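Q: So that we are looking at the same thing, I have put the structure below in structure tokens.
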């Protein structure tokens, strides 16, 4: 942490970059550049994961000892650890990402078991024919949402009580299960 401001280095960098841009640009151009940069910064985890998926798709050999899906899973874990170590994400954001990962993996289990699609490549880190890296595709969305809320300093007031959110979620699950039956 920066001793003077008690902010993590990544957040301090964001603040300094914003000041630097405002020194050279003003009005709409400054707002537009800052908006684009913040959106890109919020998409960092998803962009890194997409890059890894594309690179391994084009350059991975099935003859290698390490399977592609396993490499992607280990890469995603390593990326998340680095994001935490370098304070690019907070622990709360990491917890949100974990929830998205678990939810996404469960959704993939359902889709694969329903025959919507399959993951044909081999891998050690697979459960119920679903590679564990697939949950990180959903986690990328969670990462974006958590980071963009922090970067744009969004506030949700007044937010409905928790029980109402829970009731809405349960109603959604009930309705969707009736539709798919």
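Where a number appears in this text, it was derived from the coordinates with a stated rule and is not lab data. Because the structure is a prediction, the values reported are computed rather than measured. Because the Cβ atoms are built from the backbone with ideal geometry, glycine has one as well, and the counts that use them run over all protein chains shown.
Q: Need one word for segment 26-181: rounded, prolate or oblate. Basis is the Cα gyration tensor (sqrt eigenvalues a ≥ b ≥ c); a/c below 1.5 gives rounded, then a/b vs b/c decides.
A: oblate
Q: Residue 152 to residue 173: FRET efficiency via 1/(1 + (r/R0)^6), r the Cβ-Cβ distance, R0 25 Å, to the nearest 0.05?
A: For residue 152 and residue 173, the calculated efficiency is 0.25.
Q: If the elastic network links every pair of Cα atoms under 10 Å, which of 142, 18, 46 fluctuates the most in the Gaussian network model of the chain?
A: The residue that fluctuates most here is 18.
Q: Mind pulling the angle between the C-alpha long axis of helix 162-180 and the longest principal axis of the chain? Nearest 10 degrees, somewhere in 0 to 90.
A: 40 degrees
Q: Taking neighbour Cβ counts within 10 Å as the exposure measure, how do 140, 174 sort from fewest upward?
A: Least to most surrounded, the residues fall as 174, 140.
Q: Arrange 93, 121, 108 by Cβ neighbour counts within 10 Å, fewest through most, would you?
A: Result, fewest neighbours first: 121, 93, 108.
Q: Still on this structure, please answer the following. Only helical DSSP H runs with n ≥ 4 go in: add -39500 (n - 2.57) per run for the chain, normalise by residue count and round the 222 nm mean residue ellipticity to 500 deg cm²/dmol.
A: -23500 deg cm²/dmol
Q: For the residues 15, 21, 97, 173, what sequence is obtained by ranking on other C-beta atoms within 10 Å, fewest first?
A: Listed from fewest to most nearby Cβ atoms, that is 173, 15, 21, 97.
Q: Quick one: helix 134-151 against the long Cα principal axis of the chain, what's the angle to the nearest 10°, folded into 0 to 90?
A: Long axis of 134-151 versus the principal axis of the chain: about 20 degrees.
Q: Rounded to the nearest 10 degrees, what's the angle between the helix 9-24 long axis and the longest principal axis of the chain, both from Cα atoms, 0 to 90?
A: 50 degrees
Q: Can you tell me the length gained on complete extension of the stretch residue 117 to residue 58, counting 0.36 nm per residue apart and subtracting the Cα distance?
A: 19.2 nm
Q: Looking at the chain as a GNM with Cα springs under 10 Å, which of 52, 146, 30 has the largest mean-square fluctuation?
A: It is 30.
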